[in-house]
Amino acid sequence: MIREENGLFVLRTDHTQYLFYRRETGHLEHLYYGDRYDGPSPEAMCEKQAFLPGSAIGYSPEISALNLENLCLEMSAHGKGDLREPFLVVTTADGSRTRDFLYESHEITPGRDADPSGLPGSYGTADEVDTLAVILKDAASDLSLVLRYHVYAHCDVITRSAELVNGCTEPVRVSRFLSTQLDLPDGEYAMTTFTGAWAREMHRDTQQISGAKLVNSTVAGVSSNRCNPFFMIHGRDTGETHGDCFAFNLVYSGNHYSVAERNPYGKVRILSGINPEGFEWTLRPGERFRSPEAIMAFSSSGFSGISAAMHEFVRHHIVRGAWQWKERPILFNSWEASYFDIHESLLVRLAKKAKSLGIELFVLDDGWFGKRDGDTSSLGDWVENRKKLPAGLRGLSKKITALGLSFGIWVEPEMVNEDSDLYRSHPEWVVQVPGRPHSEGRNQRILDLANPEVQDFIITTMRRVFSSGEISYVKWDMNRVFSDWYSPHLAPEDQGGFLHRYVLGLYRVLETLTGEFPHILFEACASGGNRFDLGMLCYMPQIWASDNTDAVSRLDIQEGYSYGYPPSVMGAHVSGSPNHQTLRRTPAESRYHVATFGLLGYECNLLDFPAGRQDAIRNETERYKQWRSVFQFGALYRIPHHRVRVWMTVSADRKRAVMGIFQILVQANQPDLRIRGCGLDPAMRYRFYNIPAGVSIKEFGDLINTQAPVHIRDGSLVQDLAAKFYKLSGEQEEYLLTGDQIMKGGISLKQAFIGMGHTDEVRLFQDFASRLYYMEAVE
C-alpha cells in the first residue's frame, strides 16, 4: 500500500513501513524504515535545524541553517553542502557537477510496468505490487529525475530504481547513477557482505560501520564471486532470530557498487547500484537512462526474517516461466566423470547407469564441439565433433531419451578461443584494445555483446544448437572475467558505457532465447558463482552455486547464499571422494545430505562405483523424490548451534520438514547433542525419525579387534572382505512429538561414540558426518 498526505509518503508492506517527507524546500527527507505502526507524524520525525554547525555548508543564503550533510535524504547529488557519497553525478555542458533535484510531482498506481530500457526486473500483478513514481527537477538545468518505488506488501520488500531524463539542449555526462539510497539516523550499525573467490564463494564477513566507508564492489564485469551484490546492514547485536536488519540486492549482472558511510553526525548512508568506476554515459538531448532495480527489505526478527522475505520475493517475483514452481529433476553431469575425454559409447554407458540409479536428467558438459580436447580451442565453433558424437547431438539425445532420461548440454556462448574458426573469421567481434596485447583468462576471449551483430550471431547459433536434438536443459557458462575493457564497435566517447551495454546485450540474448525455448530448464553458471545474481535469475531459474563440490566447503558456500537466495535456485552436486577441488575425503552420506539442501545432482564417475555405493545412490534418489518439494520449495531455517551446523526446511503447510545436522571435526568425549527445530506448527503432532544407515567396520580400524573373533588387520584384504559382508547397525531415532516440543524442548539424540563401545544405541558421528531427520504430521 502506498499513500501520500500533506507531503508525507507512506509505503507499507504487511509488516514494515517506509516513510519520507517533502520538505518546504522540495527536498525529500527520509524519515523511517522499520516495523509497521499507525499514526506516523512527520513533524515529530523531521530533522530540526536552527543553526548551522561550524565547518558546515548552508543550503542557500535564504535558508542558511539547512545543512544537507546532516539530513537523511531519498537521493543526493554533488554540491549544496552534502559532502557524503552522492546518488548521482551528472556534468552538464558548462562543466558544472552541482545538481539540486527538487520535488515536482508524483504518481501512485497499482501494478507495475516492464522496464523499456532492456533491463530485467521484478514483476507482479496489480494485487501484488503498487508503484510510486516521484519526479524531481534540477533547479539549475532541464534535467529531470524519476525515483520509482515498487511495494510488494506480502513479501515485505520494496524495490527502487531511478531514471534520468535529459531535457537540455546539449548532451550531459553521467559518471555515477545508482539505484537506491537509504539514509539512517544516528545508530550503531554493522555491514555484512558475502565475499570470496573461485571455489570459495559467499564467505560471510561482518564489519562495524565506524568513521570510514565500507565498500562492497566489483570491477570484474560480472556480479562476481569476489563480492556478491547481496549485503545486509544491521544492529551490532543482531542475530539469527533477533534484532533489526536491512537487506539489499540488485537485479543486475555487471559491475556493482555498494557503500555504507557514517558521517560526522552519526548518520549512515547506504548506496547501491552500477559501479561508478569505469562508468561514463553520454546522455543526449531527449534521451533517458534508467538504473537497475534495487531490492530492499527490513526485519526486526534478525537474519532469518530477512532470508524469509528475500526467499519469498525471489521465488514469486524474480524467477518466472514454466520452471518457476516445477520440481527440478535429479541430474547427472558428465564433467567430473570424464572432463574433455568424451565419446558417445562412454556417454551412453554413463546414461544407462544413471537411469538405473534413479537419476532423471543426463547433462553433457564441455568437450562435445569443434576440436575441443582442452580449454585452448574451439569456443565459438558450436558444431558437434563427429569423432566424439558420430550421430551428433540429435543422435545422442535420441539414445539418451530412449532410456527414459531427459537430455541437456553445456554451452559457453559469450566466449571465443583464438584457436577457433569464429575468431579467425571475426577478430573484430572480440573485446580487446586495438593494437595492444590482451590479458587472457582460461585461454579465452570475450565476445563483444555491446555489438548487436554479435548478439544476433549468438542468438542464431544457439537457436540452431538448442533445436539440434531433444534438449530439455542448458547449462549456460561464462568462465572468465573482464580485464581490458574496450569495444571495437563503440566510438571512443562511448567506451565508458561499454560494460553496461554488454550486460544489456546479454539480457537481449537471454530474453530472446528463453522466450523461444520456454520448455528448456536453463541453469546459469560462471565458473560456479561468478554471476550469481537476480538479473540472471530473471531468465534462468537456477544457478550453479560453485565449482567446488566438496561437502565441507559447500556448507559455508550454500549457507552464505541462503541469506539472500532460496535453495530452489541453487545447484548442488554429489561428487567423488577425494573431492577434485580439495582432495578431501568425506562420507558419501554427507555429500548427499549437503546437496539435498539445493537442487540435487551427481557429478562423478558412476561406472566406477561398487554395488554397495550404487544401492546407496538408488536409496538417495528415491528418498529425495519423496521429499523434493520440501527441499526445493520449503522455508529454510539456519538454526544456531555451538557445535554443529543445523539447517531445516519446512513445507508451506507445515506438515512436513527435514532437518540436517552437519559436523566438521569430532571432539573427544562429547556424548550429548540436543537439537531444536524451527517453523513447525506448535500444536501439530509430528513423527520425528531418521533413516538408520549401516556402519562399516572400517570406521573402527584395528579397534574392531576388541570384538572380532579373529584378528583383522587395518587396511587388509580380510578387512575389505569382512566389510563387504558385515555391517554394524546404525542408531534409530523415532518419536511422536508436538511442534512445540521440537522447537522449544528439542530432542536429545542418542549418545555419540566416545571410545567406550558401540551398539545400535550409539550415534557414530565422526569427522564430516551428518544426519537427516524427517518430520511428518500425524492425525
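Computed over Cα pairs, the Kirkwood radius of the stretch 280-352 leads via Stokes-Einstein (1.306 mPa s, 10 °C) to a diffusion coefficient of 88 µm² per second. Each Lys and Arg contributes +1 and each Asp and Glu -1, all at the Cβ; summed about the Cα centre of the stretch 379-510, the dipole is approximately 760 debye. Using the Cα coordinates of the stretch 493-619, the gyration tensor eigenvalues translate into equivalent-ellipsoid semi-axes of 33, 16, 13 Å, sorted from longest to shortest. In this view, the solvent-accessible surface of residue 303, computed with a 1.4 Å probe and all protein chains in place, comes to about 10 Å². Counting only residues at least eight positions apart within a chain, or on another chain, the lysines with an alpha carbon under 19 Å from that of residue 355 are 398, 399, 625. The alpha-carbon of residue 744 sits under 27 angstrom from the alpha-carbons of these lysines, leaving out residues fewer than 8 places away in its chain: 655. Rounded to the nearest 20, the size of the Cβ-charge dipole of the stretch 1-135 about its Cα centre is 380 debye, with Lys and Arg at +1 and Asp and Glu at -1. Answer rounded, prolate or oblate for the chain, using the Cα gyration tensor with square roots of eigenvalues a ≥ b ≥ c: rounded when a/c is under 1.5, else prolate when a/b is larger than b/c, else oblate. Oblate. Just need log10 I(q)/I(0) for the stretch 188-306 at q = 0.13, 0.20, 0.22 Å⁻¹, Debye formula, equal scatterers on the alpha-carbon atoms, no solvent, rounded to two decimals. Log10 I(q)/I(0), no solvent term: -0.55, -1.14, -1.28. In this label model, residue 436 and residue 725 are separated by 7.2 nm, measuring between points 7 Å along each Cα→Cβ vector. Mean separation of Cα pairs under 8 Å and 6 or more residues apart, divided by the residue count, gives the chain a relative contact order of 10 percent. Taking the 1.4 Å solvent-accessible surface of the chain as the whole, the part contributed by carbon and sulfur is 50%.
Taking the convex hull of the alpha carbon positions in the stretch 716-773 and averaging its projected area over all directions gives 5.9 nm². Annotation: per residue accessible area for the stretch 1-146 equals 45 Å², rounded to a whole number [probe 1.4 Å, protein chains only]. Secondary structure note: in the chain, about 80% of the DSSP beta bridges are antiparallel. Within the stretch 1-118, antiparallel bridges make up roughly 95 percent of the DSSP beta bridges whose residues both belong there. Note on the chain: dipole from Cβ charges, positive end direction compared against 513, 339, 234; the farthest Cα belongs to 339. Temperature 25 °C, viscosity 0.890 mPa s: under these conditions the Stokes-Einstein estimate for the stretch 1-87, based on its Kirkwood radius over C-alpha pairs, is 175 µm² per second. Evaluated at q = 0.21, 0.29 Å⁻¹, a Debye calculation over the C-alpha positions of the stretch 352-405 (equal weights, vacuum) places log10 I(q)/I(0) at -0.80, -1.08. Sorted largest first, the spans of the alpha carbon positions of the stretch 410-459 along the three principal axes are 29, 24, 17 Å. For the stretch 226-316, the Cβ-based charge dipole about the Cα centre amounts to some 200 debye (Lys, Arg positive; Asp, Glu negative; other atoms uncharged). Once you reduce the stretch 534-574 and the stretch 228-243 to the center of their Cα atoms, the two points are 20 Å from each other. Relative to the longest principal axis of the Cα atoms of the chain, the long axis of helix 392-402 lies at roughly 60 degrees.
Sum up the charges of everything whose Cβ sits under 12 Å from the Cβ of residue 650, counting Lys and Arg as +1 and Asp and Glu as -1, but leave residue 650 out. Result for the local shell: 0. Shape annotation for the stretch 91-157: C-alpha extents along the principal axes are 46, 25, 18 Å, from largest to smallest. Start at zero, step by 10 Å, and the Cα-Cα distances of the stretch 213-273 spread as 21, 44, 29, 6 percent across the bins. Between the C-alpha center of the stretch 397-440 and that of the stretch 457-484 there is a gap of 8 Å. The stretch 29-54 and the stretch 685-762 have their alpha-carbon centroids 61 Å apart. Of the chymotrypsin sites (Phe, Trp or Tyr not before Pro) in the stretch 1-95, the ones in a loop by DSSP (not H, G, I, E or B) with at most 14 other beta carbons within 10 Å are 37, 51. On a straight-distance basis, which lysines could pair with residue 698 in a cross-link, Cα separation under 29 angstrom, same-chain partners fewer than 8 positions away excluded? Cross-link targets: 353, 724, 727, 750.
Between the listed residues 303, 279, 268, the Cα displaced farthest toward the positive end of the dipole of the stretch 258-305, a dipole computed from Cβ unit charges relative to the Cα centre, is found at 268.
Between helix 551-562 and the chain there is an angle of about 30 degrees, using the helix long axis and the longest principal axis of the Cα atoms. Ranking 621, 641, 607 by how far each Cα lies toward the positive end of the dipole of the stretch 570-653 (charges on Cβ) leaves 641 at the top.
Over all directions, the projected convex hull of the C-alpha atoms in the stretch 435-495 averages 5.6 nm² in area.
Taking a ≥ b ≥ c as the square roots of the eigenvalues of the Cα gyration tensor, the stretch 349-460 is classed as prolate, since a/c reaches at least 1.5 and a/b is larger than b/c. Charged neighbours of residue 548, selected by a Cβ distance under 13 Å, balance to -2 (K, R count +1; D, E count -1).
Counted by Cβ distance under 15 Å from residue 702, the other residues give a net charge of -1, where Lys and Arg count +1 and Asp and Glu count -1. With contributions of -39500 (n - 2.57) from each DSSP H run of at least four residues, the per-residue ellipticity at 222 nm computed over the chain stands at -5500 deg cm²/dmol.
Rounded, prolate or oblate: which fits the stretch 498-552 when a ≥ b ≥ c are the square roots of the eigenvalues of the alpha-carbon gyration tensor, with rounded for a/c under 1.5 and prolate only if a/b beats b/c? Judged from the Cα gyration tensor, the stretch 498-552 comes out oblate (a/c at least 1.5, b/c at or above a/b). With respect to the chain, whose longest principal axis is taken over its alpha-carbon atoms, helix 302-317 is tilted by about 90°.
Computed over all pairs of different Cα atoms, the Kirkwood value for the hydrodynamic radius of the stretch 467-522 is 13.7 Å.
Across all directions, the average flat footprint of the convex hull enclosing the Cα atoms of the stretch 314-361 is 4.8 nm².
The values are calculated or read from the model by the stated rules, or taken from the named source; none is laboratory data. Predicted model only: the values in this text are computed from it and were never measured. Cβ sites come from the backbone with ideal geometry, for glycine too, and all protein chains shown count toward neighbours. The protein model used for the area step is the full one, side chains on, heavy atoms only, and it has no ligands, DNA or RNA in it. Shrake-Rupley method; radii C 1.70, N 1.55, O 1.52, S 1.80 Å.
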